[in-house]
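See below for the structure under consideration.
The values are calculated or read from the model by the stated rules, or taken from the named source; none is laboratory data. Remember, predicted model here, so these are calculated numbers, not experimental data. For neighbour counting, all protein chains shown are included, and Cβ atoms are generated from backbone atoms with ideal geometry for every residue, glycine included. Only protein heavy atoms, including side chains, enter the accessible area calculation; ligands, DNA and RNA are left aside. Shrake-Rupley method; radii C 1.70, N 1.55, O 1.52, S 1.80 Å.
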Amino acid sequence: MSEGTPKLCEVQNASKVYRMGDITVHALSGVSVSVGSGEFTVFSGPSGSGKSTLLNLIGCLDRPSSGKVLLEGQDVASLADAALGQVRARRIGFIFQSFNLIPVLTAYENVELALRLAGQLQDAESRVRQALSDVGLADYLGRRPSQLSGGQQQRVAIARALVKRPALVIADEPTANLDSKNGAAILDLMKEMNRRDGVTFLFSTHDPMVMSHARRIVSLRDGEVVGDTVGEGK
Ligand code: ADP
Ligand code: MG
């Protein structure tokens, strides 16, 4: 990366405050962190430390109370809702702990919907088929989420995240609802996509197995970054 090229993502002194009646929660306090293209990075920390809040800011699901979030050099916190939604639909892929597939849609339709929302209609059918084949589900296109195992549902979610070729994939505790065998298989799959296609992955987890694969571990405590270390992952 040449001098002056913006990082894929830069969070600058971001804070997030939630107010519920008389109660104020400082979910993030003055967080600064940047992520480069091609990273395989984990945000770790105990429950309530702010991992999801931070991923939601980076993923344009939410805005900081103060500070900045730059994505590909653009200050996304200042965008209007519709524009923010466009960035999210086109540039970010999400993988959640509870899969978040649409129950009435088939695997194929769940993945296709992501392409529609991103406005990428060209070659849609072959791209959806390829994405589902890449995650080992070529024979399951017509199944609804309830007809798939947890591991298979997470594979559909990975295909949905990857099909639009996003700049960044955000995976919030992606193995939390999987047994260790399926969790490891899902992680191997994401690792392969990172290696082969250079897809950038940002995780949150407290699963030691996920952490052992990370190349970089950013530690959060009480809404602050308390560590940023090189992981064991290759
Ligand atoms: P983690 O993902 O590390 O478990 P979160 O980012 O979910 O942490 O939460 C950080 C803090 O912010 C916690 O104290 C949590 O209760 C609070 N919080 C998160 N989301 C909301 C919300 N929508 N409204 C109020 N408080 C919230
Ligand atoms: Mg969380």
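Rundown of residues vs (1) closer than 27 Å to Met209 by Cα; (2) open to solvent by 40 Å² or more (accessible area, probe 1.4 Å), yes/no style:
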site	(1), (2)
Arg116	no, yes
Gln120	no, yes
Ala131	yes, no
Arg144	no, yes
Gln153	yes, no
Val156	yes, no
Ala171	yes, no
Lys181	yes, yes
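Taking into account only those residues within segment 67-106 that are of a type in the set (Ser, Thr, Tyr) and either crowded, with 16+ Cβ neighbours inside 10 Å or within 19 Å of Leu8 (Cβ to Cβ) (or both), which is modelled with the lowest pLDDT? This residue is Ser78.
Note on segment 40-76: residues that are over 15 Å from the mean Cα position of the chain (by Cα) and among the hydroxyl-bearing types (Ser, Thr, Tyr) amount to 4.
Among strands (runs of 3 or more DSSP E) entirely within segment 1-66, having at least 1 residues that are exposed (fewer than 14 other Cβ atoms within 10 Å of the Cβ) and more than 16 Å from ligand 2 (Cβ to nearest atom) singles out 9-20, 23-35.
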